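Here is the structure we will look at, set down as structure tokens.
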Amino acid sequence: MQEGVLQLHTDYDTDQQAHEKASYLNANKHKYQGKSFNCATYVSEVLHKTVFKKKLGKENIFTFLIRSITPNKLWKDITKKVDNGDISGTILVDPGSNIDNSFRGGLKGEKEK
């Protein structure tokens, strides 16, 4: 399975803010937890308020009451911002159809329509 790689084009100040946020998260040793703090959550937290004004990637994972940031939804939200011209970015590695699964659909082996 091929993962996607997206390069966001930002300025020095934004890069510094993102670095500070990542350093803060690292220093506070947030523990990995699949639902509430996963790799996509980490990226969303770093980009939140530095690049984007809101958290991206939230998806209903079990019911409409339980939401989590998932890698596929985060990819879709960020690439949509790039496509809309909200931020400059380049897809370096396209994940292809691997990104088409929702969290719940992925559990069932289903592709999104």
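None of the figures in this text is laboratory data; all of them are computed from the coordinates on show. Small disclaimer: the values here were computed from a predicted structure and weren't measured. As a convention, Cβ positions derive from the backbone with ideal geometry for all residues, glycine included, and neighbour counts pool all protein chains shown.
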Filter on Lys29/Lys81; Lys29/Lys76; Lys29/Lys80; Lys31/Lys73; Lys58/Lys80 - keep pairs with C-alpha separation over 26 Å: Lys29/Lys81; Lys29/Lys76; Lys29/Lys80
Final fewest-first order of Ser102, Ser36 on the 10 Å Cβ neighbour count is Ser36, Ser102
Can you tell which of Phe52, Gly89, Gln16 lies farthest toward the positive end of the dipole of segment 5-107, using +1 and -1 charges on the Cβ of basic and acidic side chains (Lys, Arg; Asp, Glu)? Phe52
Compute the distance in nm between two label points, each set 7 Å from the Cα along the Cα-to-Cβ direction, one at Gln16 and one at Asn98. 3.5
Taking the square root of 5λ for each eigenvalue of the C-alpha gyration tensor of segment 5-107, the equivalent ellipsoid has semi-axes, largest first and in whole angstrom, of 22, 19, 11
All aspartates and glutamates inside 12 Å of Lys53 as judged from Cα atoms, apart from same-chain residues fewer than 8 positions distant: Glu45, Asp86
